[in-house]
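> One structure is given below, represented as structure tokens, and several questions about it will come after.
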Amino acid sequence: MLENTSHLYNVIDYYIFIGITIIAGYSGVIMCAPNSIRRKANHGSTTICNFLQITGPAASELLSTFLLSTFLLSTVPFAAVPFATVPFAAGKTTAALNTTVFISSDQGATGFAQPDTIAVRTLIDSSRAIYSSDLKQSLRTGLEALAAAEEIGYLTGKADALDNLATIYSRMGENRKAMAHLKQALELNRTLGNQRGIASNLVVIGGVYKRQSHYERALDHFYESLRICEQIDLENGIAANLGNIGLIYHEMAEYHRALDYYLRAERLNRETANSYLLAVVLNNIGLTYSNLGEFEKSLAYHYESLSLRKESGSTIGMAYSFNNIGKLRHLMGDHEAAMEALSKALERNDGQDPDLESIIHEHFARILLDTGDYEKAAVHARKSLDLSREFGTRLGEQEGYRLLSDIHGEKGDYHAALKYHRRLLDVRDSIFNDRMASRIEELRARYESEQREAQIALLEQQQQQDQLVRSALTAGVVLLLIMALLIFNRQKTVIRKNRIELENQRLKKLQLEQELDFKKRQLTSYSLHLVQKNELMKELSDKIHKIRSEKDNGADYGLKSLDNLIHYSFNLDEDWEEFRLYFEEVHPGFFDWLNDNCPNLTPNELRLCALLRLNLSSKEIASLLGISPPSVKIARYRLRKKLQLNTKESLTGYLMGMDTESNSNTKTRTP
């Protein structure tokens with residue numbers, strides 16, 4: 001049979017679970033909790049001890065662990081340890097819900113949990129631990145957990161306790177009580193914003209509707225739970241809901257569609273290494289292949305599922321696997337192996353799951369019908385029908401009527417066969433009608449449409465983002481090109497401007513050099529002209545002196561007047577002023593610098609400095625100044641003394657260097 005897992009409590013390893021519960025719950029909690037909570041927790045401890053007595057050899061070891069942990073941990077506050085939920089609820093014949101696992105957590109807790117909240121969680125976990133072994137004791141512990149949570153106002157714990165009780169009532173076939181508790185839990189979780197709790201409640205509600213063959217409502221809740229699990233990225237929840245949806249299609253005989261959901265769930269369970277969930281989905285895949293006639297492939301899946309369950313020690317899981325292997329062996333014609341497997345299934349179940357027990361009796365009845373043992377077949381068929389009615393499984397009720405109709409038909413009791421067949425039709429019609437099938441298809445289409453729309457929206461969003469990126473990149477490239485072009489043009493303009501300025505400077509420099517050269521030539525020419533004039537005058541004066549020396553008294557007076565005129569021309573300032581103008585054009589600021597640095601220089605000494613600057617000889621200077629060369633030497637000596645030059649310094653070199661300083665000072669002062 002397919003396995004139902006609407007809100008399962010994980011019993012993969014009872015010993016590990018109870019050991020953790022004792023250490024975390026009863027060491028740290030019982031010593032710290034208030035008296036009212038402590039009494040309830042102590043009762044939970046009694047429940048665990050009862051369970052240890054059932055398990056036998058491990059009881060003393062776990063009790064020792066309890067005593068040691070009480071000594072070591074009695075003063076340590078423990079955070080609440082939420083455990084995975086793994087409820088079993090069976091379907092019928094070819095179907096049962098896939099396993100779902102959700103972690104219950106206190107959404108409002110921060111830091112270490114309080115001892116009283118840990119006590120509530122411990123009671124809930126204790127109830128879940130004995131869920132498949134002692135349903136009545138599990139119910140009593142679950143009720144105490146609910147009362148404890150209400151007493152301390154622990155809303156998250158109350159929601160989990162209600163969810164736990166709903167699962168227990170569902171297993172007991174009390175669907176109304178289960179739904180009442182689930183509605184309260186769902187309302188609380190929605191108020192708290194506990195998405196995991198909401199998803200878990202929806203799965204359990206879907207499981208209740210599924211057992212009643214209300215596939216439309218079951219699918220509605222499974223799809224809603226699936227959407228929540230996808231939103232919060234809860235992989236176990238996604239895998240569980242995929243299996244649950246596949247189960248509905250399985251019971252509707254849409255095996256290929258069911259297989260699609262199962263295989264997706266299998267892939268997720270293998271990725272998350274969830275061996276328990278993997279065992280369940282492998283079981284359901286095996287049943288699907290069996291219905292498709294691929295018996296060898298089906299058998300391989302069932303044995304892999306059985307192997308995982310043996311490793312985990314899940315007796316109820318092994319009961320499911322042996323039941324399905326028995327059914328498969330029957331279809332393969334191996335009746336003896338089928339009866340052996342079904343006997344192991346009945347032994348492992350041991351009355352824990354009445355729905356599974358009804359399915360095992362159904363398979364016994366089919367084998368006995370095929371072998372011709374109609375009386376025993378009828379006994380098993382009635383047991384199966386009674387259990388299905390008690391449990392409220394309409395699909396099981398349908399199969400029970402089908403079996404009894406077939407058995408009475410083989411016996412020749414056609415009246416009884418017709419009666420059961422009519423009841424079969426009534427049940428089938430109530431389960432499946434056109435309106436329900438249409439609604440189921442609508443739900444499936446709506447979910448797939450939403451998935452496609454979400455994918456399209458995601459693709460469109462991705463395309464928009466890609467387009468934005470491309471546009472941004474294009475705009476960036478264009479902007480960079482524009483900036484590069486502007487920079488290039490600016491640099492080109494700057495280079496052109498610099499080139500023009502350099503050319504202008506070169507031309508201006510060339511013009512200045514040409515003007516300076518021209519002025520130098522003018523100054524030189526004028527200086528030479530003055531030298532020549534003065535030399536001529538000197539020669540003329542010498543001749544006059546010679547003539548006068550010949551004592552010509554008649555001409556003596558005229559010659560003397562002429563000589564005086566010549567000496568006067570030597571001292572004429574007009575020539576000197578014109579010379580000065582030419583000189584200052586070539587050597588600007590020279591005289592200013594001399595006056596600033598040597599203000600005691602006479603006009604004749606300034607003239608001497610200018611002539612020395614022109615690098616004229618003493619003879620030429622004597623001619624220009626109208627004095628003798630020895631007088632020039634004396635004037636040079638006096639000038640050197642005024643300029644405070646030592647004997648090693650060149651007067652001409654000093655004046656030429658001074659001319660460079662006077663030029664720089666003139667440029668500095670120029671506005």
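> Please list 360, 634 in order of solvent-accessible area, largest first, computed with a 1.4 Å probe with all protein chains present.
On the way: 360 0, 634 90 Å².
Sorted by accessible area, descending: 634, 360.
> A follow-up question, please. In terms of the Cα gyration tensor, with a ≥ b ≥ c the square roots of its eigenvalues, is region 224-313 rounded because a/c is under 1.5, prolate because a/b exceeds b/c, or oblate?
The shape class here is oblate.
> Using the reciprocal of the averaged 1/r over all distinct C-alpha pairs, how large is the Kirkwood radius of region 136-267 in Å? Kindly include the intermediate steps, with their values, before the conclusion.
Details: mean 1/r = 0.0657 Å⁻¹.
Evaluated on region 136-267, it is 15.2 Å.
> Right, next: Pop out the carbon and sulfur fraction of the accessible area of region 301-361 as a percent, whole number, probe 1.4 Å. Intermediate values should be presented prior to the final figure.
Details: 1020 of 2200 Å².
Carbon-and-sulfur percentage of accessible area, whole number: 46.
> How much accessible surface does residue 543 have with a 1.4 Å probe, in Å² rounded to 10?
That residue has around 110 Å² of solvent-accessible surface.
> Starting from the residue with the highest accessible area, list 495, 245 in decreasing order, probe 1.4 Å. If you can, show how the numbers build up before the last one.
Details: 495 90, 245 0 Å².
Solvent-accessible surface, decreasing: 495, 245.
> Same structure again: With every protein chain left in place and a probe of 1.4 Å, what is the accessible surface of residue 620, to the nearest 10 Å²?
For residue 620, solvent-accessible area is about 60 Å².
> With every protein chain in place, what's the accessible area of residue 172 (1.4 Å probe, Å², nearest 10)?
For residue 172, solvent-accessible area is about 60 Å².
The values are calculated or read from the model by the stated rules, or taken from the named source; none is laboratory data. It should be emphasised that the depicted structure is a prediction, and the values quoted were computed from it without experimental measurement. Ligands, DNA and RNA are stripped out before the accessible areas are found, and what is left, the full protein with its side chains, is counted by its heavy atoms. Shrake-Rupley method; radii C 1.70, N 1.55, O 1.52, S 1.80 Å.
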